[in-house]
1. Report for the stretch 52-307 the percent antiparallel among DSSP-assigned beta bridges with both residues inside it, nearest 5.
2. Taking 7 Å along the Cα-to-C-beta vector as the label spot, tell me the Ala303-Asp257 distance in nanometres, rounded to one decimal.
3. Once R0 is set to 35 Å, what does the formula 1/(1 + (r/R0)^6) return for the Cβ-Cβ distance between Ala329 and Ala289, expressed as a FRET efficiency to the nearest 0.05?
4. Name the residues of the stretch 88-116 whose amide N is less than 19 Å from a point 7 angstrom out from the Cα of Gln136 along the C-beta direction?
5. Considering only the other residues whose Cβ falls under 9 Å of the Cβ of Asn177, what net charge follows from Lys and Arg at +1 and Asp and Glu at -1?
6. Output wanted: per-residue J couplings in Hz (rounded whole) for the stretch 66-82, from phi through Karplus 6.51 cos²θ - 1.76 cosθ + 1.60, θ = phi - 60°, x for Gly and Pro.
7. Relative contact order of the stretch 277-330, please, whole-number percent, based on alpha carbon pairs below 8 angstrom and at least 6 residues apart.
8. What number comes out for the charge environment of Phe156, summing +1 per Lys or Arg and -1 per Asp or Glu over other residues with Cβ under 15 Å away?
Amino acid sequence: MTTIWDPITIKNLHLPHRLALAPMTRSRAQDDGSPGPLAAEYYAQRAQLGLLISEGTQPSADGQGYLSTPGIYTAEHRRGWRTITEAVRAQGGHLFIQLMHAGRMSHPDNTPHHRQGVAPSAVAPDVTLFTPTGLQPVPVPRALSTREVVATIEDFRAAAASAMAAGAHGVEIHGGNGYLLQQFLAPNANQRTDRYGGSLRNRARLVIEIAAAVAGEIGPDHVGVRLSPGRPLGDLDEGPQTGDLYRYLVGELAALDLAYLHLFTAAEDGDLLRDLRAAWPNALLVLRAGRPVSASGLAAELAAGADVLPLGRSALANPDIVARLRTGADLNPPDPATFYGGSATGYTDYPSLGGAQAVA
């Protein structure tokens, strides 16, 4: 039986165990979108996790949705990420930069250019976002033209090349959690009549074309895709065809021979998860919402078909979580008040075993 301590090879990555760092927005980037000054320390502290997936990183100016999130599309961004990738490599880790376009999950007050958010269609989600003046409703986005959708594919391709130039081991394309690519998948957000809207295959087209473009640019061995089938984040509803949609999408992505598929699921998604596992030939990463983190509980998820288990808040609060799980030590509780924005507090100052502050 596979355990969380068994090594695994994912394409050209040789990982010492089955744990990874899940992508988590921390909202500590600088005003120009460069990673914040403590980001290299933050990621290096967690390098024992082997595979680190970065916080969501916008591939273009219009991809930003939240306050103080990083980008990877300018020379300044690349220089900032270079300090992170070098710090992670020095500690034996491997960093994949997650490319995340927020789409309609945006507010003009959260971005330097103060432009209206963009989306498949001019349909606002019934949600609020935190802004400099507090929670505000998400405004109606501007629908992308067909030409702009094609330009967005190029944005992802160029951002992937930029990530590799910054020393990343690869990129993860974010196709879930209510952001732009999942907005194209969901009929209640995508009311288009061109080749990117309407039928199941048309709604899946953008994710597939972006994955193909990125794989063509940096090689499929350096590309992962994250999906969250049926999850209603961002006020999305993928409708009664959700299962068929994702079976088709994953089958098309499988043909690209990418490094991994990363699924964010819930316990009730077992039947679809089994079908997607059967359709996916390479490494499968699974992050289950609300799962308890223990060596025995994680082993059960491996037995259910996952190959690697990304850890979220437990890794945020425990930079030495690998050692803690190996020894059965108690875990630090995460502090939600410090998840987003701020300084070292709740970012790089969680204590390691023995009570000392974790250091890179």
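What follows is calculated from the coordinates using simple rules that are stated; it is not laboratory data. Remember, predicted model here, so these are calculated numbers, not experimental data. Backbone-built Cβ (ideal geometry, glycine too); neighbour counts: all protein chains shown.
1. 15
2. Label-label distance for Ala303 and Asp257, simple model: 3.5 nm.
3. It comes to 0.90.
4. 102-116
5. +2
6. Result, ordered by residue: 10, 5, 6, 9, x, x, 9, 9, 10, 4, 5, 4, 4, 5, x, 5, 4 Hz.
7. Here the relative contact order equals 38 percent.
8. Result for the neighbourhood of Phe156: -4.
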